């Protein structure tokens, strides 16, 4: 690991001001620190945002659950309010990584990193989330741009994520047996009017599967998507799973999710 | 006094391990120490054109940079294969040189080419990045099956073939196959594994210029053996000027038997720079450079009669040695593999032919079970297939071919002293509710799931090993073990053992044995190991040999203590030595009330003259002190055996395999500490099930390790396992005074075929290679659906 400057910002404003083209915000550091240790990333400045009080905490209203960006996975999984409002979001957090990761990793970090096999991005898409930054509000559908790429501009800091409370929802993942990241994770949420089927792990970026959403909006039953033959041409293929296997998993996990709703 | 052998004595070592007070190699810091970083080849096969260290030398904090040239100039020897194997045609095996730092060629990713020594670890790392190595990259050979057709890796080693070895009689086998009603054949792959000890390898080397002595602290399973190899073959220092200390070691599984490049380089360099050097492997280095295990490609055949009697067995295997032949690298796929490949069965004719090949991958050597898991996988997959093809119940078919009389002269090499395979099978079936399986299968079916049951009956040869036997088979050393039992004048006991504990609980189990033998409270007994300056000598711990060999050495040394005690007591109490009996720590003159405790005798031995009116209590010819040594060389291997039964449930939609039940019924002979044995069984099962369902070391065609971290190499976790159902049948070994057999490797030996037999049973007999990952199983489920719908 190369030398770097460590800053602990007291508020979003200071954090943003310290940001440069060779800096990174540091929350849980679950990706940033290992990347730096392996020499895959180098930064001149790390700006720690964990101590910004405003960025942590969970608020539940009648329609939405808002989670501060620096809130740890363990806090989301243990929150009685989240469990009551969106139980699937709580169980998603409970299934991230391992206890060490859940005790440090944060929701904002996960979303800002936009790993193609991370769990939280699927929740954002399925639950029509709004990403609150220090500058603006961004709809989840417009936030995730591509592999490890988001709509965030340099120096822009996620402050909170606001999830719409659905009528029913479930997240089901087929984990990579080694890393326990999602080989495929499917988040099904039934809102008034429509159904979202957010898929992570299958392609280079999280997406809402339009075909399954349509089929389930018409008839919210796993039978309506059973045997659906998905195009696997854009799906990831690696030593853990071929594109065809992933395509199969998208359907089976979606079915499981619908059945679990 | 109640016997401690057989009871669940709490582990003496737990206090320090559970409170973070263990002292591992990486915990050792010496005054003025430097730090080493190894520059390693990023290529699987290349010749080294030039190494430029100029820039690196100018980097901050650099003390020294050494390459293969310096180590060759100093005539430091390379790493060796400890076991000479002869090919079927009578020629000796072919081994390439393996210098501690590569000079001309590199042969796997991770092969070290230079060492950078600096004042701090960060400076060493930074300087290492500035070492410029100019490689000419060559085409790598990575496939086990195709290695003989690849480019020649080592000059003069044609077809990359180390040896082409035969055990058994081809002609007899041919005759047996000619008589057979049916031949069952199978093609299997025994997947490559990475041992993944919790503690990565490390070493700290120190040089004392005044005494000219090198001290090496290292993560070794066998410090004396390491010293011998480093001295005799490495030319690092004469044995009396080399002290090797292996303190607490966090797991080995065979991966810490070898003397590694870093041990030799750091010891040699410490003397060269006259300062201590510390090196601790990063986990990525462990993945790349620890020895790997298994990696066989096998074709096997079983000749049977229609009613299921086994007539003959053929085993044609290609074993991958990796880039170089290491300490047990050549014996693992031969004498540790071939003899056990006929399993627990009476098979009149058999042979095993092994072609051992070099590839541009990490060296392959002994890993928990070493050869016996590969053997058991071969025969037990074959027997299971035979049961399907013959339509005979898998347990009945096995029982039909079990020997029932002991000693059992096994087909190829071993004479098994004791066992009761039928009793083991019956008990395992009962424990696993074998009869109830069909009902459970139907329940799974009703849920849309596939359920399978798999059985394995195994025996293995461990407690390695009789020196005469192993040396006649090519082993470079005799595999005896030594122990020294020392009484202090005030009655406490220190036991020095040549075995090494790196998780095996010797401090407890060996103390239990000594406590029983000597009648001394266990609190007053310390077990000392792991330092060549302390014990006499030792061959170390591997091949489930610590108890069956090292433990017996302790028993024998204790018996010598008791014999001397009897003579001393007789002198003290004016009796005949023949009339003195020893029981529960007391020497009693028979038919009298005269007795001495062992503590009193020890005191008298050290202070002759203070008792009995200043008259010495020592009989004529006996010296003062109470200390005895034993070198124990076993008369035979020991032969644990057992039957394991697994049940899996498969989700055909995702291919997910859930291990529902696992039953292990083992015969380890006499059990010293049931709690410790359970731990050993659990650990072995975790590794064996890991091989079957999760673990796999995979190289791409250029020789890059694709599974070089825990992101890609699946180490099983606790939630992958069901509650293990463990039981025993205990037929005592007749070849040693404790009746013990060895339990460390059984789980890793029996579990892979047990689990795979269950998976393949669920899949209607379709072959799946290990590990049975979701995708492979999903594909098999699709095929099954297709063939079922065709049949319908």
Qualifying residue in the stretch A:215-231 (condition: in contact (Cβ under 8 Å) with a residue 12 or more places away in the chain, more than 15 Å from the chain's Cα centre (by Cα) and within 30 Å of residue A:22 (Cα to Cα)): no
Some residue of the stretch B:408-428 being free of Cβ contacts under 8 Å to residues at least 12 places away in the same chain and more than 27 Å from residue B:305 (Cβ to Cβ): no
Entirely in the stretch B:408-521, the strands (runs of 3 or more DSSP E) that have 2 or more residues that are more than 20 Å from residue B:646 (Cα to Cα): B:481-487, B:493-497
Any hit, the stretch B:738-746, residues being in contact (Cβ under 8 Å) with a residue 40 or more places away in the chain and either surrounded by fewer than 24 Cβ atoms within 10 Å (Cβ to Cβ) or within 13 Å of chain A (Cβ to nearest Cβ) (or both): yes
Residues of the stretch B:207-228 classified as more than 26 Å from residue B:328 (Cα to Cα), in contact with a strand residue (DSSP E or B) (Cβ under 7 Å, 6 or more places away or on another chain) and part of a loop (DSSP other than H, G, I, E, B), total: 0
Residue among A:202, A:257 that is within 26 Å of residue A:113 (Cβ to Cβ), away from every other protein chain (no Cβ under 11 Å), in contact (Cβ under 8 Å) with a residue 24 or more places away in the chain and assigned to a helix (DSSP H, G or I): A:257
Answer from B:439, B:386, B:375 - the residue that is out of contact with any helix residue (DSSP H, G or I) (no Cβ under 8 Å at 6 or more places or on another chain), modelled with pLDDT of 95 or more and assigned by TED's automatic domain parsing to the domain that holds residue B:766: B:439
The stretch B:273-298: number of residues that are in contact with a strand residue (DSSP E or B) (Cβ under 8 Å, 6 or more places away or on another chain) and either closer than 30 Å to residue B:379 by Cβ or in a helix (DSSP H, G or I) (or both): 13
Test: residue in the stretch A:69-77 that is surrounded by fewer than 19 Cβ atoms within 10 Å (Cβ to Cβ), out of contact with any strand residue (DSSP E or B) (no Cβ under 7 Å at 6 or more places or on another chain) and assigned by TED's automatic domain parsing to the domain that holds residue A:121: yes
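Each row is one residue, and each column tells you yes or no for (1) surrounded by 24 or more Cβ atoms within 10 Å (Cβ to Cβ); (2) touching a helix residue (DSSP H, G or I) at 6+ places or on another chain (Cβ under 9 Å); (3) assigned to a strand (DSSP E or B).
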| position | (1), (2), (3) |
| --- | --- |
| B:205 | yes, yes, yes |
| B:230 | yes, yes, no |
| B:236 | yes, yes, no |
| B:264 | yes, yes, no |
| B:271 | no, no, no |
| B:302 | yes, yes, yes |
Residue within the stretch A:178-188 that is within 14 Å of chain B (Cβ to nearest Cβ), at pLDDT below 95, under 30 Å from residue B:657 (Cβ atoms) and loosely packed, with under 14 Cβ neighbours inside 10 Å present: no
Meets criteria (away from every other protein chain (no Cβ under 14 Å) and loosely packed, with under 14 Cβ neighbours inside 10 Å) for residue A:217: no
Scope the stretch A:224-254; condition in a helix (DSSP H, G or I) and within 14 Å of chain B (Cβ to nearest Cβ); matching residues: A:243, A:244, A:245, A:246, A:247, A:248, A:249, A:250, A:251, A:252, A:253, A:254
Matching residues in the stretch A:150-177 - criterion: being touching a helix residue (DSSP H, G or I) at 6+ places or on another chain (Cβ under 7 Å) and within 14 Å of chain B (Cβ to nearest Cβ): A:172, A:173, A:174
Among (1) in contact with a helix residue (DSSP H, G or I) (Cβ under 9 Å, 6 or more places away or on another chain); (2) facing chain A (nearest Cβ under 10 Å) - the single one residue B:686 does not satisfy: (2)
Some residue of the stretch B:709-731 being within 14 Å of chain A (Cβ to nearest Cβ), in a loop (DSSP other than H, G, I, E, B) and on the phi > 0 side of the Ramachandran plot: no
Hits in the stretch A:166-182 (condition: under 14 Å from the mean Cα position of the chain (by Cα) and closer than 17 Å to residue A:204 by Cβ): A:181, A:182
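The values are calculated or read from the model by the stated rules, or taken from the named source; none is laboratory data. Note that the structure is a prediction, hence the values are computed from the model and not measured. Positions of Cβ are backbone-derived with ideal geometry, glycine not excepted, and every protein chain shown enters the neighbour counts.
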